[in-house]
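Just below is one structure, and these are the notes that go with it.
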Amino acid sequence: MTASHTRPERLWNRSFRRSDRRCAVPDGQAGRVAAVAAGPFGVGRVHPAAARPRAEATAEAAPEVPLRMALPDGTALTVRPAGLADKAEARAMHRRCSPASLRLRYHGPVRDTDRYLDHLLDGRHGRSLAVTGPDGRIVALGHLMWDDGEAELAVLVEDAWQRRGLGRALLQRLAAMARAAGIGAVYAVTHASNTGLIAAMRRLGVPLEFRPEDGTLVITATLAAAEPAGAPAGSHPGR
């Protein structure tokens, strides 16, 4: 489950903008993917942008206390805030991901992971969450990146941990963080074939709009119309 439309040539100047619709590739070139195929979604209008998050609200949006998460098989995981101090472990997780998973996440081959992580893990541009396994290694990353009055959601789950609910858990918490920051709408940019992300977005329990743009599928979720999503079953504050 992966999604993002980050453009590396923009990493050094300003936050990502929803109007930038080219797929991200690590060498800074604009890549294209196949046109969006027909699927179980409709095309709707783009929601008006909400107010930009307030500084005091964004500080409160990132939970300081790690949360425990138990998988159905009993595996204990931890969901916690992530930052630049986690870059080495986040880079190691990327090395364990397949090229297919990385292409879905970054819309192209990944040759320079550091260029992405330096920006994504920088708290000035948004908020990040990491899921760590029993051995303490990061097995999934989620990002909430400020984009004017909206925010972009992006998730990467290590291949060995996919299809176990980690992506959905991250999306739920990122959506709750966006609400706490005063954001009324969030969006993810992905491929129509990414059924895992589409299903996880549907399970947020909020109104969704699906819009094909430049060979990608933009999924916009309106958060203001619903109550904050609850924490997944089996989660509780860590000690």
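The values are calculated or read from the model by the stated rules, or taken from the named source; none is laboratory data. No experiment lies behind these values; they were computed from the predicted model shown. With ideal geometry, Cβ positions are generated from the backbone for all residues, glycine too; neighbour counts draw on all protein chains shown. Side chains included, ligands, DNA and RNA excluded: accessible areas come from the protein's heavy atoms. Shrake-Rupley method; radii C 1.70, N 1.55, O 1.52, S 1.80 Å.
Tabulated data
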quantity: Filtered residues of the stretch 111-131 (kept if among the β-branched types (Val, Ile, Thr) and farther than 29 Å from residue 184 by Cα); calculated: 113
quantity: Residue in the stretch 147-156 that is surrounded by fewer than 20 Cβ atoms within 10 Å (Cβ to Cβ), at pLDDT below 95, in a helix (DSSP H, G or I) and not aliphatic (A, V, I, L, M) present; calculated: no
quantity: Some residue of the stretch 188-195 being open to solvent by less than 30 Å² (accessible area, probe 1.4 Å), modelled with pLDDT of 90 or more, under 17 Å from residue 148 (Cβ atoms) and outside any helix (DSSP H, G or I); calculated: yes
quantity: Scan of the stretch 159-186 for residues that are in a loop (DSSP other than H, G, I, E, B) and open to solvent by less than 10 Å² (accessible area, probe 1.4 Å), ordered by number; calculated: 181, 183
quantity: Total residues in the stretch 125-137, condition touching a Phe, Trp or Tyr at 6+ places or on another chain (Cβ under 9 Å) and either assigned to a loop (DSSP other than H, G, I, E, B) or open to solvent by 50 Å² or more (accessible area, probe 1.4 Å) (or both); calculated: 2
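Per-residue answers, yes or no, for (1) over 16 Å from the mean Cα position of the chain (by Cα); (2) over 17 Å from residue 66 (Cβ atoms); (3) of a type outside the set (Asp, Glu):
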residue: 99; (1), (2), (3): yes, yes, yes
residue: 105; (1), (2), (3): no, yes, yes
residue: 129; (1), (2), (3): no, no, yes
residue: 148; (1), (2), (3): yes, yes, no
residue: 155; (1), (2), (3): no, yes, yes
residue: 185; (1), (2), (3): no, yes, yes
residue: 195; (1), (2), (3): no, yes, yes
